[in-house]
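Enquirer: I am attaching a structure below and will ask some questions about it afterwards.
The values are calculated or read from the model by the stated rules, or taken from the named source; none is laboratory data. On a predicted model such as this, the values are computed, not experimentally measured, just so you know. When we count neighbours, we look across all protein chains shown, and the Cβ atoms used for this are built from the backbone with ideal geometry, even at glycine.
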Amino acid sequence: MIPAEEALDRLRDGNARFVLGIRSYSTLTDPNRLNDLVDSQEPFAVILGCSDSRVPVEIVFDQGLGDLFVIRVAGNIVANSQIGSIEFAAERYHTRLVVVMGHSRCGAISATLEELQQPTARQSRGLRSIVDRVRPSVQGFLGTDLANDTEALMRHAIRANVRASVNHLRYGSEVLEQLIESSGLLIVGAHYSLETGVVEFFEGVPGAK
């Protein structure tokens, strides 16, 4: 079992390689690695990320087969299926780091803000379910000066949505709460920049101010 802070360092190092355009040998497809993973796996981190095609998690963190347990859903929202998937990895594989990762220019956040500012009845039930989960974390910004600055509004909304998902995981699952208290499970929030490729860990990071 890899401790949460060591896992976090691995992700930071991998992202640094990605930004520099370097791939580690271990991320390349190795037939021996493929065979080793047939009967078991030990992912060192769980990543709840967005489905956006521009944010491929394993590539962004320069990780290979069996390294990450990845859940991707538009807007990196938390629903019961995501909670259950994270509980499964944390209990079954003893994974001790969970990262909720949002990203710049997120379409789900943009769609939510547009719906709040100009409601429409044309959304499908599925899309509305995503908007409804994002809505509580971002609607308060529309009553502030941020409503007049589209870019600033998006930045704040994206991070607020990540924080909401982190808090939902921390306090919405008895299994995860127990693992946080007894086994060193760490749940943190991160932001990926489409412009630079850099991942910033900004919520729940040990030692951060």
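Enquirer: Return the residue satisfying two criteria in turn: it lies in the range 164-198 and is within 14 Å of CYS106 (Cβ to Cβ) and of a type outside the set (Phe, Trp, Tyr), and of such residues it is surrounded by the fewest Cβ atoms within 10 Å (Cβ to Cβ).
Expert: As a first pass, look at the range 164-198 and keep what is within 14 Å of CYS106 (Cβ to Cβ): 164-165, 189-195.
With of a type outside the set (Phe, Trp, Tyr) added as a condition, the list becomes 164-165, 189-191, 193-195.
Numbers: ALA164: 20, SER165: 26, GLY189: 26, ALA190: 26, HIS191: 20, SER193: 13, LEU194: 12, GLU195: 8.
Looking at residues that are within 14 Å of CYS106 (Cβ to Cβ) and of a type outside the set (Phe, Trp, Tyr), I get GLU195.
Enquirer: Could you look through the range 15-51, keep only residues that are over 23 Å from GLY207 (Cβ atoms) and among the hydrophobic types (A, V, I, L, M, F, W, C), and pick out the one that is surrounded by the most Cβ atoms within 10 Å (Cβ to Cβ)? Break it down into steps so the answer makes sense when it comes.
Expert: At the first step, the residues of the range 15-51 found to be over 23 Å from GLY207 (Cβ atoms) are 18, 20-43, 49-51.
If we keep only those that are among the hydrophobic types (A, V, I, L, M, F, W, C) too, we end up with 18, 20, 22, 28, 34, 37-38, 50.
Numbers: PHE18: 20, LEU20: 10, ILE22: 10, LEU28: 10, LEU34: 11, LEU37: 13, VAL38: 7, CYS50: 26.
Taking the candidates together, the pick is CYS50.
Enquirer: Counting residues that are in contact (Cβ under 8 Å) with a residue 60 or more places away in the chain, which helices (runs of 4 or more DSSP H) fully inside the range 92-209 reach at least 2? Steps first, please.
Expert: Numbers: elements: 107-117, 125-138, 150-171, 174-183.
Per the criteria, 150-171, 174-183.
Enquirer: Determine which member of the set LEU169, LEU185 is within 15 Å of VAL78 (Cα to Cα), modelled with pLDDT of 95 or more and under 17 Å from the mean Cα position of the chain (by Cα).
Expert: Working: LEU185 fails: within 15 Å of VAL78 (Cα to Cα).
Result: LEU169 is the single residue among LEU169, LEU185 that is within 15 Å of VAL78 (Cα to Cα), modelled with pLDDT of 95 or more and under 17 Å from the mean Cα position of the chain (by Cα).
Enquirer: Would you say ARG12 is in contact (Cβ under 8 Å) with a residue 24 or more places away in the chain, surrounded by fewer than 20 Cβ atoms within 10 Å (Cβ to Cβ), out of contact with any helix residue (DSSP H, G or I) (no Cβ under 7 Å at 6 or more places or on another chain) and more than 16 Å from LEU186 (Cα to Cα)? Step through it out loud before you land on a result.
Expert: On the way: in contact (Cβ under 8 Å) with a residue 24 or more places away in the chain: yes; surrounded by fewer than 20 Cβ atoms within 10 Å (Cβ to Cβ): yes; out of contact with any helix residue (DSSP H, G or I) (no Cβ under 7 Å at 6 or more places or on another chain): yes; more than 16 Å from LEU186 (Cα to Cα): no.
So ARG12 does not fit the description; no.
Enquirer: Still on this structure, I have one more. Which one of the conditions (1) surrounded by fewer than 15 Cβ atoms within 10 Å (Cβ to Cβ); (2) farther than 21 Å from GLY197 by Cβ; (3) touching a His at 6+ places or on another chain (Cβ under 8 Å) does ARG54 fail to meet, given that it meets all the rest?
Expert: The failed condition is (2).
Enquirer: Scan ALA111, ALA74 and give me the residue that is of a type in the set (A, V, I, L, M, F, W, C) and under 14 Å from the mean Cα position of the chain (by Cα). Steps first, answer last, please.
Expert: Values: ALA111 fails: under 14 Å from the mean Cα position of the chain (by Cα).
The unique qualifying residue is ALA74.
Enquirer: If you scan the range 94-107, which residues turn out to be surrounded by fewer than 17 Cβ atoms within 10 Å (Cβ to Cβ) and either in contact with a Phe, Trp or Tyr (Cβ under 7 Å, 6 or more places away or on another chain) or acidic (Asp, Glu) (or both)? Give the derivation first.
Expert: Quick first cut of the range 94-107, residues surrounded by fewer than 17 Cβ atoms within 10 Å (Cβ to Cβ) only: 94, 105, 107.
Those that are surrounded by fewer than 17 Cβ atoms within 10 Å (Cβ to Cβ) and either in contact with a Phe, Trp or Tyr (Cβ under 7 Å, 6 or more places away or on another chain) or acidic (Asp, Glu) (or both): none in the range 94-107.
Enquirer: Considering each of ALA160, ALA147, ALA190 in turn, give the residue that is over 25 Å from GLU6 (Cβ atoms) and modelled with pLDDT of 95 or more. Give the steps one after another, and end with the answer.
Expert: Working: ALA147 fails: modelled with pLDDT of 95 or more; ALA190 fails: over 25 Å from GLU6 (Cβ atoms).
The unique qualifying residue is ALA160.
Enquirer: Moving to a separate point now. Residues in the range 15-47 that are out of contact with any Leu (no Cβ under 6 Å at 6 or more places or on another chain) and closer than 19 Å to ALA190 by Cβ: how many?
Expert: Of the residues in the range 15-47, 8 are out of contact with any Leu (no Cβ under 6 Å at 6 or more places or on another chain) and closer than 19 Å to ALA190 by Cβ.
Enquirer: Residue under question is ALA190, and the condition is that it be within 26 Å of PRO56 (Cβ to Cβ) and touching a Phe, Trp or Tyr at 6+ places or on another chain (Cβ under 8 Å); does it hold? Explain how you work it out, then say what you get.
Expert: Values: within 26 Å of PRO56 (Cβ to Cβ): yes; touching a Phe, Trp or Tyr at 6+ places or on another chain (Cβ under 8 Å): yes.
In short, yes.
Enquirer: Next question. Exactly one of (1) of a type outside the set (Lys, Arg); (2) surrounded by 18 or more Cβ atoms within 10 Å (Cβ to Cβ); (3) in contact (Cβ under 8 Å) with a residue 40 or more places away in the chain is unmet by ILE59. Its number?
Expert: Exception for ILE59: condition (2).
Enquirer: Would it be correct to say that GLY140 is surrounded by fewer than 19 Cβ atoms within 10 Å (Cβ to Cβ) and under 17 Å from the mean Cα position of the chain (by Cα)? Steps first, please.
Expert: Numbers: surrounded by fewer than 19 Cβ atoms within 10 Å (Cβ to Cβ): yes; under 17 Å from the mean Cα position of the chain (by Cα): no.
No.
Enquirer: Cβ-Cβ distance below 8 Å, separation of 6 or more or different chains: which pairs start in the range 23-51 with a residue that is in a helix (DSSP H, G or I) and at pLDDT below 85 and end on one that is among the hydroxyl-bearing types (Ser, Thr, Tyr) and surrounded by fewer than 19 Cβ atoms within 10 Å (Cβ to Cβ)?
Expert: ARG33/SER26
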